[in-house]
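Here the structure comes first, spelled out in C-alpha cells, and everything after it is commentary.
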Amino acid sequence: MSDRYAVFGNPIGHSKSPRIHALFAAQTGQDMSYEAILADKGGFGAAVAAFRSIKRGAARGANVTVPFKEEAFRLATRRTPRAETAGAVNTLSFDAGEILGDNTDGAGLVRDLKHNLGCDPGGRRILLLGAGGAARGVILPLLLENPTELVIANRTEETAARLALEFARLPGCAVDVKPDGTGFPGLSGRRFDLVINATSSGLSGASLPLPPGIFASRGVAYDMVYGRETPFMALARESGARVADGLGMLVEQAAEAFFVWRGVRPHTAPVLAALKGT
C-alpha cells in the first residue's frame, strides 16, 4: 500500500498542497498518497493520532498550516534546529513512536526568491513586516544569506523589538528594529531592496500604514499571501517595485518537505507553472 501523507489545517478546503504533492510524486515516481484533513480547533493532536492509526497504508508524515503550527511544535517529540529557532513546525515525520518536527517555510521563501525571482537576499537591505509566527519562521534563513541589514517592523513595536533582540543574540546576526513606539511610521526616510509582508493583512484585505518611499528603485515587494492582489502588493506596484506573491514559497516549502520525507528533491518550475495556469 502507498505511504500516506496529509496536510492539517482549519480551514483547509482551499489548500493546494494535495495537488502539489501529487505532481511531485508523479514527477519522481514515488508511491504515496496525500490528503487534506480539517482538524477541529483544539483537536489537532487527536486528528494527527487518528490519521496515524488508520491501517490503510503507513502514515509517514504531514504538513501543518494555520492555526496549528505551534501545536505541532509541542506535539513533536524531537525537532530540527530550524524548527527550534522558528518556534513552530509545519512538517512532521512519523517513525515508529517518534514524531520529528521541522520547519521548511524559511527555506521555501529563500529558494523562491533566489531561484524563481532572481532576487538574492545577500547584500540587500531587507524589511520584514510582522513579528508573528510567519515572520519568525523566515528570519534565520534570511540572515544566513548575509543581507546588509534585516529590519523587523510591526504595528506593535515592542513585539518586533523582542523578536529582533532574540535573533540579534545569534552569532553573526545583525538584526535591526526601528526604535519607534508607534510601529510602521518610524520607517519614514528609509529605503529597502526587499520588503516582505509576513503580516495577516493580506488575508483580511487590510492596508498597512507604511510611509511612502520605503521601496528602493528596482526593489522587490513580496507578500506571503497568494492567489490575490493584496493592498500591500497594490501599494508596492504603484511605487514601482517588482511584486510577487507567496505561491512560489508554497511550492518551494512543499518541495523541501517532500525532500525531508522521500530523500528526493522534485523540480518545482513545472509545478509552479501548472498552478499558475489554473
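The values are calculated or read from the model by the stated rules, or taken from the named source; none is laboratory data. All values derive from a computational prediction rather than experimental measurement. Here the Cβ is made from the backbone with ideal geometry for all residues, glycine too, and neighbour counts use every protein chain on show.
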Candidate set from region 98-109 (those that are touching a residue at least 40 places away in the same chain (Cβ under 8 Å) and in a helix (DSSP H, G or I)); member that is surrounded by the most Cβ atoms within 10 Å (Cβ to Cβ): Asp105
Lone qualifier among Tyr222, Tyr226 - being closer than 22 Å to Ala107 by Cβ, surrounded by fewer than 21 Cβ atoms within 10 Å (Cβ to Cβ), in the same structural domain as Pro147 (by TED's automatic domain parsing) and touching a residue at least 12 places away in the same chain (Cβ under 8 Å): Tyr226
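Which one is modelled with the lowest pLDDT, of the residues in region 62-81 that are part of a loop (DSSP other than H, G, I, E, B) and surrounded by fewer than 18 Cβ atoms within 10 Å (Cβ to Cβ)?
The selected residue is Val66.
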Selection from region 1-17 of residues that are surrounded by 17 or more Cβ atoms within 10 Å (Cβ to Cβ) and under 18 Å from Arg60 (Cα atoms): Asp3, Arg4, Tyr5, Ala6, Val7, Phe8, Gly9, Ser17
Counted residues, region 257-274 - those being without any contact (Cβ under 8 Å) to a residue 40 or more places away in the chain, small (Gly, Ala, Ser) and in a helix (DSSP H, G or I): 1
Residue satisfying all of: in region 83-97; under 19 Å from Phe167 (Cβ atoms) and surrounded by fewer than 19 Cβ atoms within 10 Å (Cβ to Cβ); farthest from the chain's Cα centre (by Cα) among these: Glu84
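Counting only residues that are modelled with pLDDT of 95 or more and either within 23 Å of Phe94 (Cβ to Cβ) or polar (S, T, N, Q) (or both), how many does region 253-278 have? Full working, then the answer.
At the first step, the residues of region 253-278 found to be modelled with pLDDT of 95 or more are 253-275.
Narrowing further to those that are either within 23 Å of Phe94 (Cβ to Cβ) or polar (S, T, N, Q) (or both): 253-266, 268.
Residues meeting the conditions: 15.
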Search result, residues across region 1-52 that are touching a strand residue (DSSP E or B) at 6+ places or on another chain (Cβ under 8 Å) and among the acidic types (Asp, Glu): Asp3, Asp31, Glu35
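Among the residues of region 116-125, write down those that are outside any loop (DSSP other than H, G, I, E, B) and either more than 16 Å from the chain's Cα centre (by Cα) or outside the structural domain of Phe192 (by TED's automatic domain parsing) (or both). Can you show your working first?
From region 116-125, those outside any loop (DSSP other than H, G, I, E, B) are 116, 125; that's our starting set.
Hit for region 116-125 is Arg125, nothing else.
Determine, yes or no, whether Arg74 is of a type outside the set (Gly, Ala, Ser) and within 18 Å of Tyr34 (Cβ to Cβ). It would help to see each step written out before you state the result.
Working: of a type outside the set (Gly, Ala, Ser): yes; within 18 Å of Tyr34 (Cβ to Cβ): no.
Against the criterion (of a type outside the set (Gly, Ala, Ser) and within 18 Å of Tyr34 (Cβ to Cβ)), Arg74 does not qualify.
From the list Gly132, Gly137, Gly122, pick out the single residue that is under 20 Å from Phe73 (Cβ atoms) and modelled with pLDDT of 90 or more.
Working: Gly132 fails: modelled with pLDDT of 90 or more; Gly122 fails: under 20 Å from Phe73 (Cβ atoms).
Sole residue among the options that is under 20 Å from Phe73 (Cβ atoms) and modelled with pLDDT of 90 or more: Gly137.
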Scan of region 24-52 for residues that are among the hydrophobic types (A, V, I, L, M, F, W, C), surrounded by fewer than 20 Cβ atoms within 10 Å (Cβ to Cβ) and in a helix (DSSP H, G or I), ordered by number: Ala26, Ala46, Ala47, Ala49, Ala50, Phe51
Close pairs from region 82-97: first assigned to a helix (DSSP H, G or I), partner among the aliphatic types (A, V, I, L, M), Cβ under 6 Å, at least 6 apart: Ala83/Val89; Thr85/Leu140
